[in-house]
Amino acid sequence: MSEQRRLIIRGGRRIEGEIRVQGAKNSALPLLAATVLCKGQTELYNCPRLSDCDAACRILTALGCTCRRENNVVCTDASALKSSEISEKLMREMRSSIIFMGALIGRCGQCRLSFPGGCEIGTRPIDFHLDAFRRMGAKIREEHGCIVCTAAKLRGTVITFPVPSVGATENVMLAAVLAEGVTEIHNAAREPEICDLAAFLNKCGARINGAGTGTIQIEGVKRLDGCRFTVMPDRIAAATYLCCGAITRGEVLLTHADIQSLEPVIPVLEQIGCSVYGFGGGSVYLNARKTLKAPAHIRTAPYPGFPTDAQPPLMALCATLPGTTMFSETIFENRYRHVSELTRLGARIKVEGRVAVVEGVDRLSGAELEAGDLRGGAAMVTAGLFAEGITRIGHVCYIERGYEDIEGCLRSVGADIHYGS
Ligand code: UD1
């Protein structure tokens, strides 16, 4: 059982070496959902081997699609799609299962699914998704804890989100590509994963403009075919490994990374005192063999702001830097679940609502920790690399939802980390 496995880290080793960045989880999941819309075979390259991606593949199979994985290539074919229902068990496996809703309504004009599961980092409502589908002509009702959606015909319309939502923007794109007329999304999320989804759908025959800006236009088309597509590099895994390099005052060369998508993160690492250089061909080099200091204020915000997903590993780093950092978490209200665990290692962090104040200390000491969510778990790994003695992290299944072979990656650059019980 993965629940009983632990990551065991003996901290204090400097990280030095090269890490190949995995494909982006947050791009692969909507892309897998998008394949529901395609009549014909799709080949997704650089698809990370993660439990969340496996869950998405199980949903595709349950819907009647073929879905095969060979290493990091996933081949799907939705030509024989036979169902528009997702069972509660499959929905609960991950939050992103809600992304299948737009694809199923777009393809079948109906769907039935239960409320999604996932990390508990806040209430994570889906009202923007449902309101947008209603505006496009869908009828939605709740029945015995399930969302039942029917739409004889989906029509393009103007949708304005109160705040940019990554999932809702993706869901509307998926519903709109085969809808009648033009859909315009205002206050759309601008995350790089939105651009990846638009590029994929356009390659399949969709007409989407403006992805990466606050306004996206989608002109409905009659059909989408499959295509071959390479999932973008994971900017959050990349940011995590840069934090791991920095916390050990080491040197890391990331390969297969996307430096542009790391633009909100790199200036923070530079402000801390790390040297960071990007090379062509997706390499990013970080050197932290120098005196580092705490950044004064980190505020998470929608892209191009500092990503909420990189906040926990950065907080672990800041907990070891001279000076005080104030974190303001503006996206999810419950994203400080890692704080109590970091304090067990000796970190000095106080949380008040959405603000966390981190006072750097010069030593942490290993302890028994439990991961409570994906990025919080990554923060514990990051801190464990610095802490003296042994840190054991339980509930590694959370970490494995988003990091492909984190143990192997960190071990290959000199960390003392292994699985045990
Ligand atoms: C996605 C990412 C997640 C990341 C988050 C923010 C995936 C699979 N997950 O999550 O890793 O942390 O973006 O960058 O890509 N909101 C509502 N109503 C809604 C939808 C969202 O109020 O219907 C609010 C949320 O509570 C949150 C904010 O909007 O405060 C942004 O959330 P959103 O961008 O939707 O996050 P996810 O798509 O769930």
Original post:
Taking into account only those residues within segment 147-164 that are open to solvent by 20 Å² or more (accessible area, probe 1.4 Å) and within 25 Å of the chain's Cα centre (by Cα), which is nearest to GLN110 (Cα to Cα)?
Top reply: THR160
Original post:
Say we look at segment 311-360 and pick out the residues that are under 23 Å from VAL163 (Cα atoms) and acidic (Asp, Glu); which of these is most open to solvent (accessible area, probe 1.4 Å)?
Top reply: GLU333
Subject >> strands (runs of 3 or more DSSP E) within segment 271-313 that include 2 or more residues touching a strand residue (DSSP E or B) at 6+ places or on another chain (Cβ under 7 Å) and within 16 Å of the ligand (Cβ to nearest atom) >> reply: 297-299
**OP:** Could you tell me whether any residue of segment 179-188 is outside any strand (DSSP E or B), over 17 Å from ASP234 (Cα atoms) and within 14 Å of the ligand (Cβ to nearest atom)?
**Re:** yes
Subject >> Pairs with Cβ under 6 Å, 6+ apart, first in segment 300-311 and farther than 14 Å from GLY214 by Cα, second part of a helix (DSSP H, G or I) >> reply: THR300/THR308; THR300/GLN311; ASP309/ILE236; ASP309/ARG375; ALA310/ILE236; ALA310/ALA239
Original post:
For ALA175, all conditions in the list (1) open to solvent by 10 Å² or more (accessible area, probe 1.4 Å); (2) more than 24 Å from THR308 (Cα to Cα); (3) part of a helix (DSSP H, G or I) hold save one; what is the number of the exception?
Top reply: (1)
Original post:
Within segment 355-374, is even one residue within 14 Å of the ligand (Cβ to nearest atom), under 19 Å from THR240 (Cα atoms) and assigned by TED's automatic domain parsing to the domain that holds GLY11?
Top reply: yes
Original post:
If you check GLY137 against the conditions, is it more than 21 Å from ARG58 (Cβ to Cβ) and either outside the structural domain of VAL36 (by TED's automatic domain parsing) or surrounded by fewer than 24 Cβ atoms within 10 Å (Cβ to Cβ) (or both)?
Top reply: yes
Original post:
Taking the condition outside any strand (DSSP E or B), within 16 Å of the ligand (Cβ to nearest atom) and under 23 Å from the mean Cα position of the chain (by Cα), does ALA238 pass?
Top reply: yes
**OP:** Six or more apart or on different chains, Cβ under 8 Å: which pairs go from a residue in segment 402-415 that's closer than 18 Å to ILE236 by Cα to one that's among the small types (Gly, Ala, Ser) and part of a helix (DSSP H, G or I)? Could you list them?
**Re:** GLY402/ALA237; GLY402/ALA378; TYR403/ALA237; TYR403/ALA378; GLU404/ALA237; ILE406/ALA378
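The values are calculated or read from the model by the stated rules, or taken from the named source; none is laboratory data. This one's a predicted model, so the numbers in the text were calculated from it and none came from an experiment. Don't worry about glycine lacking a Cβ; one is built from the backbone with ideal geometry, like all the others, and counts go over all protein chains shown. Calculation scope for accessible area: heavy atoms of the full protein, side chains included, ligands and nucleic acids excluded. Shrake-Rupley method; radii C 1.70, N 1.55, O 1.52, S 1.80 Å.
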